[in-house]
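Step one of this worksheet: look at the structure below.
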Amino acid sequence: MSSDRHLSRRSFLSLSALTAASALTGCASSANTVRSGDTSIIYRSPMRLFQSPGASSVPSGPELAVMYGPVEDGGFLIPAVPYEEIDPRYYRQRVLDPTGQPPGTIVVDTPSRFLYLVQADGMAMRYGVGIGREGFAWQGSGVIQWRQKWPRWKPPNEMVARQPELVKYSIENGGMEPGLKNPLGARALYIFSNGEDTLYRLHGNPDWRSIGKAVSSGCVRLLNQDIIDLYDRVPTKAPIVVWQ
């Protein structure tokens, strides 16, 4: 994302509306959709990026201790997250919806490392995410075709070809059993586009250090505590948009 999208609120307020609008003319309105082949790519509204951060519901210390404390789930004890070592902007919180998408839509803002679940009151639940390394990222629109608690991890054959040590977890060998070391974590939401599996997932993450970074092979990873929260809010067939 270009540096002008990261203007501080103070810098933004010092500009006139005309200047701000002209500086961002390269961005399309969220009402515009560009269709390329069989994939719809939806661009955000530039002016909605500057919603007042004062509307955010930033959790307090006691709330964080509960949100990111140890969780017993599905026979596994998920350890507490040392949230003090994570950038606070990546904490789960309610914010003014900056996406312009309909309620119930999941929006992954890849450059900002945020995932939004749009709500009906003009707000959104925002989660910090880790995203795919350059060259592995996916963008477009689709649906959450399938949801799974404590999924098995089955790396695609292309990944196994690049990393032969993963052959024991291949599709043919049944994948990796669920558990705390499984790369998909406590939950997985499977993204389909135009009826086809994109092979990209929203999933849990045993490594809290990856939140806010580009480290995974294309999938969108959340803290295990956050993916459980998201899973409980999102039904099958929920629409999803991924921005690059």
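Can you give the log10 of the normalised intensity I(q)/I(0) at q = 0.08, 0.13, 0.20 Å⁻¹, computed with Debye over equal Cα scatterers of the stretch 59-240?
Evaluating at q = 0.08, 0.13, 0.20 Å⁻¹ gives log10 I(q)/I(0) of -0.24, -0.64, -1.54.
Please find the FRET efficiency linking Glu196 to Ala161, where r is the Cβ-Cβ separation and R0 is fixed at 22 Å, and quote it to the nearest 0.05.
So the FRET efficiency works out to roughly 0.60.
Relative contact order for the stretch 59-240: what is it in percent, counting Cα pairs under 8 Å that are at least 6 residues apart?
24
With a sphere of radius 14 Å drawn around the Cβ of Lys149, what net charge do the other residues whose Cβ falls strictly inside it have (Lys, Arg +1; Asp, Glu -1)?
-1
Within the accessible area of the stretch 171-236, what % is carbon and sulfur when the probe is 1.4 Å and the other protein chains stay in place? Write down the numbers at each step before the final one.
Working: 1290 of 2670 Å².
On the stretch 171-236, the fraction of accessible area on carbon and sulfur atoms equals 48 percent.
The values are calculated or read from the model by the stated rules, or taken from the named source; none is laboratory data. Since the model is a prediction, treat every value here as computed from it, not as a measurement. Cβ sites come from the backbone with ideal geometry, for glycine too, and all protein chains shown count toward neighbours. The accessibility values were calculated without ligands, DNA or RNA, using every heavy atom of the protein model including side chains. Shrake-Rupley method; radii C 1.70, N 1.55, O 1.52, S 1.80 Å.
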